1. Report whether or not residue 216 is open to solvent by 40 Å² or more (accessible area, probe 1.4 Å) and under 18 Å from residue 89 (Cβ atoms).
2. Is it true that some residue in segment 170-193 is open to solvent by 30 Å² or more (accessible area, probe 1.4 Å), of a type in the set (A, V, I, L, M, F, W, C), under 21 Å from residue 108 (Cα atoms) and at pLDDT below 95?
3. Specify the residue that is least open to solvent (accessible area, probe 1.4 Å); the eligible residues are those in segment 76-122 that are modelled with pLDDT of 95 or more, among the aromatic types (Phe, Trp, Tyr) and not in a strand (DSSP E or B).
4. Identify the single condition in (1) open to solvent by 50 Å² or more (accessible area, probe 1.4 Å); (2) in contact (Cβ under 8 Å) with a residue 24 or more places away in the chain; (3) within 13 Å of the chain's Cα centre (by Cα) that residue 73 does not satisfy, given that it satisfies every other one.
5. Just to be sure before I move on: is residue 125 touching a Ser or Thr at 6+ places or on another chain (Cβ under 6 Å), surrounded by 17 or more Cβ atoms within 10 Å (Cβ to Cβ) and either among the polar types (S, T, N, Q) or in a loop (DSSP other than H, G, I, E, B) (or both) in the structure I sent?
6. Those residues that are at pLDDT 95 or above, small (Gly, Ala, Ser) and open to solvent by 50 Å² or more (accessible area, probe 1.4 Å), I need them from segment 12-68; list them, please.
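The values are calculated or read from the model by the stated rules, or taken from the named source; none is laboratory data. This is a predicted model, so every value here is computed, not measured. Every residue, glycine as well, gets a Cβ built from its backbone with ideal geometry; the counts of neighbours run over all protein chains shown. These area figures cover heavy atoms from the full protein model, side chains too; ligands, DNA and RNA do not enter into them. Shrake-Rupley method; radii C 1.70, N 1.55, O 1.52, S 1.80 Å.
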Amino acid sequence: MTSPDPQSPVPQPSEPESRDRVYRSAPAIVGGVLLLAVTGWIGIDAVVSGEGRTPWLALALMLLVVPLVTAFTLRPAVYAGEDRLRVRNPFRVIVLPWGRIASLKSAYTNEVLTESGAKYQLWAVPVSLRARKKAARREMRASAQARRAMGRDEGHGSALGTRAGLGGGMGAGPLSDGPVRAETDRIMDELRGLHEDRREAASAQGEVTVRWAYEVMGPAVAGAVLVAILLLVG
């Protein structure tokens, strides 16, 4: 009498998106939530207490405004996985295998360029010139402190270096931390590192795909049409 063979475990479907690094703009999310709250408060008040065609106009305006606010504030995100970069912009979702990306560019906006010459903006990683200037000032202060500390070390000899502890003088801390970078610039550095590491991988090849976000565009267009009709009729 033979015992039945143990059943082999059923392979679980892979979920690459669960391991992706997700980048989003916290200020945009906060601003979007506040705008939606204000829009809902004003719109609902107009629907409840308005007269004539005011409630219908309020509903049409909400149908137009809510999808647009959501698209530009809550929706944008960048998902960086082992094999591809997925960019969710206000009206499109772009999937770019690392092997098809030529470069990631940072200027006044953060963009990804493909080998075919196409360019896509990373809405979820906005450039902050103020943050760059702040990081540059911090870097200048850290460099000045390091130079002053090295000057004191040279003036007082090796005794000060011994009292400061093993591993160097007082300027070793700022120098070991590396350059000060703005948050979005650090994110772009991480994406460039992933691109360099994975661009030659066999699983990181494929075609670039672009999908339009009709679930956002449809309600917004319908709201715009209703607003135009109500204004023309009224």
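1. Criteria not met by residue 216.
2. Yes, the conditions are met somewhere in segment 170-193.
3. Among them, the one singled out is 98.
4. Among (1) open to solvent by 50 Å² or more (accessible area, probe 1.4 Å); (2) in contact (Cβ under 8 Å) with a residue 24 or more places away in the chain; (3) within 13 Å of the chain's Cα centre (by Cα), residue 73 violates only (1).
5. yes
6. Selection gives 37 alone.
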